[in-house]
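The values are calculated or read from the model by the stated rules, or taken from the named source; none is laboratory data. Since the model is a prediction, treat every value here as computed from it, not as a measurement. Ideal geometry is used to build each Cβ from the backbone, glycine not excepted, and the neighbour counts take in all protein chains shown. Note: areas computed on protein heavy atoms with side chains; ligands, DNA, RNA excluded. Shrake-Rupley method; radii C 1.70, N 1.55, O 1.52, S 1.80 Å.
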Amino acid sequence: DNIVVQGQHSYLGGEIDIEKLYMVLGKSWFWIILIVLSTNLSAYLVIRWTKPLFESYSDLKLNVKNDANFLGFLEVNEEQNLNNLSGEIELIKSKLFFDKVIKTLDLDISYYAVGNILEDEKYRSPPFKVEYTFLDNWVYDQQFTVTISNEDEFILGYPDNTQIPEQFCRFGQTIQNEHFAFRLTMNLPLNEVDKDQLYSFKINSQNSLLLYLENNITVEPLNLTANTIRISFRDHNKYKARDLVSAIDTIYLTYTKEEKNKANQQKIDFLDDQLLLTQSKLQDYESYFENFTIRNKTTDVQTDLSNTIKAITILDSQNVILEKKLTDIH
């Protein structure tokens, strides 16, 4: 027999009430449109007026050894690796190391294309180059503007806080006063320079460069067992971030190699001094034993001392016997 089962299907949540949906949308259409427009406008403004931030990184494997372990007497564990890596990380983030990076790279002058809101750093291709031979203290970290008129002339604008009017100058001419001595030369052909663009330059002080490196570098351990660390650097110019990471790890590897060679040389010098000291002591002991042997005419002090004691004992016994015979005679 065929059995037929009939039933009804039910759905959780029921059906959508279209009329109520239209009623809600009809009352709130203004706010819905406003929310959509505001979110899209905010996203557009953020993308349009926020400078992109780039990050470049480099992974390094370190060959770090504890100074107390250079003769192989201590067993290296993970805690010692962490301490060693922490020391190397603090070295990379130190002002002494940053000073080496600043001296190696050409970071003393920054060039910018000035916009209405944002500035674009012309890291690799500034339209002009600035040379200076004298600077007053207030000149550092100040923004000077440059408007290029033609391949021979430009207008130099001073920082706003100086209240000094703009000055017409010529490329190749030395601009000198009681505060500074500048000389600007064209770095790009005039057809590659936007004459309607306002440019600026800033001479960076040592403190501002140190602060810039300190705020944008990140050094962290990757693997304690493998002794690996990661050096990363952030900047709004991707080429500058990449060049700084490359320079930092190159300078670090060169610096640590020099320091390791210096440390190894110090260890060698220390061992040589200890060997000389040991040799000197051995020579003193040899002289002492040689003189002792000559003076006492023996090379076996312990045996000679034992024989001497036996001889004294025999003589003392004979002396007692003789004294007794003398007593008997008297």
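When you count the other C-beta atoms within 10 angstrom of each residue and take the mean per peptide, 306-314, 82-90 line up highest first as 82-90, 306-314.
Charge tally around Val219: other residues with Cβ under 12 Å, Lys/Arg +1 each, Asp/Glu -1 each, net -4. Per residue, the range 163-257 exposes 53 Å² of solvent-accessible protein surface, assessed with a 1.4 angstrom probe and all protein chains in place. Mind scanning Lys129/Lys202; Lys100/Lys257; Lys122/Lys240; Lys51/Lys100; Lys103/Lys262; Lys61/Lys100 and naming the pairs with a C-alpha gap bigger than 18 Å? Beyond 18 Å between Cα atoms: Lys51/Lys100; Lys103/Lys262; Lys61/Lys100. Within the range 79-154, the proportion of Cα pairs with more than 18 Å between them is 63 percent.
Note on the range 175-275: with neighbouring protein chains present and a 1.4 Å probe, carbon and sulfur make up 48 percent of its accessible heavy-atom surface. Here, the range 148-260 is characterised by an Rg to Rh ratio of 1.13, where Rg is the alpha-carbon radius of gyration and Rh the Kirkwood radius.
Spatial offset of the range 226-251 relative to the range 105-132 amounts to 21 Å, using the alpha carbon center of each.
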